[in-house]
1. Efficiency by 1/(1 + (r/R0)^6): what FRET value for residue 83 and residue 105, r their Cβ-Cβ distance, R0 = 25 Å, to the nearest 0.05?
2. Note down the net charge around residue 134, summing +1 for each Lys or Arg and -1 for each Asp or Glu among other residues with Cβ under 13 Å from its Cβ.
3. What accessible area, in Å² to the nearest ten, does a 1.4 Å probe give for residue 86?
4. Could you compute how much accessible surface residue 170 exposes when probed at 1.4 Å, giving the result in Å² to the nearest 10?
5. Quick check: net charge around residue 111, other residues with Cβ under 11 Å of its Cβ, Lys/Arg +1 and Asp/Glu -1?
6. Please report the net charge: other residues with Cβ closer than 13 Å to the Cβ of residue 93, K and R +1, D and E -1.
7. Which FRET efficiency, nearest 0.05, do residue 63 and residue 19 yield, Cβ-Cβ r, R0 30 Å?
8. Simple spin-label model, 7 Å along Cα-to-Cβ: residue 163 to residue 115 in nm?
Amino acid sequence: MDQQKHRPFTMQHCWILLQNNQKWIDREFECPPKKPRSNCSSSADFEAHEEDEGTDEMSKRPAGRKEKERSKKDAGGYKEAIQKMIESKERLAIDKDSRWTEIKAIEERKVAIEERKAAAEERKAANEEERLRLKGEKARVQAAAEERKAATKKKDEDQKIMFMDTSALDDT
């Protein structure tokens with residue numbers, strides 16, 4: 001390395017083209033050299049830089065590759081898009097929960113209505129059974145009353161026959 005430092009600069013033609021480029025101007029002021037340079041080239045560059053500093057302030061050095069990638073990640077809208085998707089997913093989940101609770105309430109009301117219908121049907125069946133039982137009992141009571149009536153009628157006829165005057169009758 002020491003041999004390279006003591007060699008003359010062989011790319012003078014490239015330096016002439018690039019010396020006014022923003023990258024090289026900024027580099028000169030970013031890292032101060034360990035050894036002081038000769039006054040002829042550095043003072044001229046420094047003065048040129050001071051003159052251009054007002055105009056260069058507006059136009060900064062172009063962004064590098066990594067900086068562009070960072071800016072794409074930050075300003076690309078991905079975070080906003082992801083945030084919007086998360087918010088919409090949360091809203092959908094809330095809507096889904098509310099719909100589920102509404103459906104559950106509707107189902108519970110349907111079950112309650114069905115239970116009331118079943119209870120009404122049971123009462124109707126019980127009333128019908130009671131009506132049939134009463135009808136059957138009434139029929140038995142009427143049959144018993146007719147039977148008693150028939151029995152009393154037969155008894156009356158039998159008594160009439162038994163207490164009839166037979167003296168007026170012929171022997172034949």
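The values are calculated or read from the model by the stated rules, or taken from the named source; none is laboratory data. A quick note: this is a predicted structure, and the numbers were derived from the prediction, not measured. Heads up, the Cβs are rebuilt from the backbone with ideal geometry, glycines too, and the neighbour counts pull from every protein chain shown. The area values use the complete protein model at the heavy-atom level, side chains included, leaving out ligands, DNA and RNA. Shrake-Rupley method; radii C 1.70, N 1.55, O 1.52, S 1.80 Å.
1. 0.15
2. Local charge sum for residue 134: +1.
3. 80
4. About 130 Å², ignoring ligands and nucleic acids.
5. On the way: positive: 104, 109, 110, 116, 117; negative: 107, 108, 114, 115.
The answer is +1.
6. Working: positive: 89, 91, 96, 99; negative: 87, 90, 95, 97.
Once positives and negatives cancel, what remains is 0.
7. Once the sixth-power term is evaluated, E becomes 0.85.
8. Placing both labels 7 Å beyond Cα along the Cβ direction yields 7.1 nm.
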